[in-house]
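Asks: Quick one: this structure, given as structure tokens, is what I'll be asking you about.
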Amino acid sequence: MTEELLVVIGIGQDGPKGLSPEALDHIARAKVMAGGRRHLAFFPEWKGKKILVDADLEGAISQIKESYRQEKTAVLASGDPLFYGIGRRLVDSFPKEDLLFIPHLSSVQVAFARIKESWEDACVVSLHGRPMESLLPALENREAKIALFTDAKNHPAALGRFLVEHGFENYTLWVCEELGGPHERVTQWSPQSIQNASMSPLNVVILLRKQETAPRAAGALPLLGIPEEAILDRSERQGMITKQIGRA
């Protein structure tokens with residue numbers, strides 16, 4: 001089996017120390033490294049050609065195509081590259097047999113771990129480069145847990161204003177900033193309290209819907225005693241048991 005020519009490596013805020021020996025070996029043997037400015041900065045001593053992956057994604061992919069068959073190439077991406085990351089675009093641009101993915105922990109996975117909530121039933125919505133209204137279907141569907149990827153426009157404060165304006169104030173916001181890095185911070189907010197807050201641009205937001213309790217009808221009394229239908233053989237003892245209100 002031939003070695004894949006293009007290795008896509010997920011990396012976290014902890015940089016190289018969070019990478020597996022396999023990932024570090026691929027980076028050490030690569031002649032070309034592509035990634036965002038923050039990712040490339042983790043390897044200041046690395047010698048080789050560097051390709052900056054920024055807003056001009058097509059330009060970066062064109063540069064990778066020009067070199068990856070001649071020189072071993074590593075692409076650095078945040079978290080799990082195939083989870084709302086560059087991975088899908090690379091799969092669409094290169095033969096699958098040329099690709100190897102080595103994922104890191106997803107920021108959503110880490111965020112749920114930080115707030116100590118399971119996430120197999122979570123709804124994930126990316127607001128990165130999308131209108132805030134993209135969130136409405138999940139809210140209208142009353143999703144209990146919503147994980148959000150934000151951007152410079154759809155930041156946590158703007159999200160709080162959006163929730164209030166659209167009548168979805170029954171959510172608690174957990175803002176998870178710089179996950180895995182030295183400046184990590186996890187804070188809890190209401191839609192009202194977060195509207196003027198300033199956050200790191202590297203954040204994931206978790207929305208948790210508050211549990212709703214059905215209001216008791218006016219004048220209704222709490223149910224006391226054991227329900228009559230729970231008494232076995234009632235037909236045989238008709239008239240021989242006390243009324244429900246008198247049973248404890």
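The values are calculated or read from the model by the stated rules, or taken from the named source; none is laboratory data. The model shown is predicted, which means the values in this text are computed figures rather than measured ones. Cβ placement follows ideal geometry from the backbone for every residue including glycine, while neighbour counts extend to all protein chains displayed.
Asks: Please state which of the following conditions His128 fails to meet, knowing it meets all the rest: (1) outside any strand (DSSP E or B); (2) within 13 Å of Ile206 (Cα to Cα).
Replies: (2)
The rows are residues; the columns are (1) among the basic types (Lys, Arg); (2) more than 12 Å from the chain's Cα centre (by Cα); (3) farther than 20 Å from Gly79 by Cα.
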position	(1), (2), (3)
Glu120	no, no, no
Ala157	no, yes, yes
Arg161	yes, yes, yes
Glu169	no, yes, yes
Gly180	no, yes, no
Val186	no, yes, no
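Asks: Of the residues Ile11, Ile27, Ile61, which is of a type in the set (Val, Ile, Thr), farther than 28 Å from Val186 by Cα and in contact with a strand residue (DSSP E or B) (Cβ under 6 Å, 6 or more places away or on another chain)?
Replies: Details: Ile11 fails: farther than 28 Å from Val186 by Cα; Ile61 fails: in contact with a strand residue (DSSP E or B) (Cβ under 6 Å, 6 or more places away or on another chain).
Sole residue among the options that is of a type in the set (Val, Ile, Thr), farther than 28 Å from Val186 by Cα and in contact with a strand residue (DSSP E or B) (Cβ under 6 Å, 6 or more places away or on another chain): Ile27.
Asks: Next question. In the range 12-35, which residue that is in contact with a Leu (Cβ under 9 Å, 6 or more places away or on another chain) and within 17 Å of Phe101 (Cβ to Cβ) is surrounded by the fewest Cβ atoms within 10 Å (Cβ to Cβ)?
Replies: Within the range 12-35, the subset in contact with a Leu (Cβ under 9 Å, 6 or more places away or on another chain) is 12-13, 16, 18, 26-27, 33-35.
Restricting the remaining residues to those that are within 17 Å of Phe101 (Cβ to Cβ) gives 12, 18, 26-27, 33-35.
Values: Gly12: 19, Gly18: 16, His26: 21, Ile27: 22, Met33: 21, Ala34: 27, Gly35: 25.
Going through the qualifying residues, I end up with Gly18.
Asks: Based on what the data block shows, is Glu178 in contact with a helix residue (DSSP H, G or I) (Cβ under 7 Å, 6 or more places away or on another chain) and at pLDDT 95 or above?
Replies: Working: in contact with a helix residue (DSSP H, G or I) (Cβ under 7 Å, 6 or more places away or on another chain): no; at pLDDT 95 or above: yes.
In short, no.
Asks: Give the residue that is surrounded by the most Cβ atoms within 10 Å (Cβ to Cβ), with candidates limited to residues of the range 36-55 that are more than 14 Å from Gln13 (Cα to Cα) and either in contact with a Ser or Thr (Cβ under 6 Å, 6 or more places away or on another chain) or not charged (D, E, K, R) (or both).
Replies: The qualifying residue surrounded by the most Cβ atoms within 10 Å (Cβ to Cβ) is Val53.
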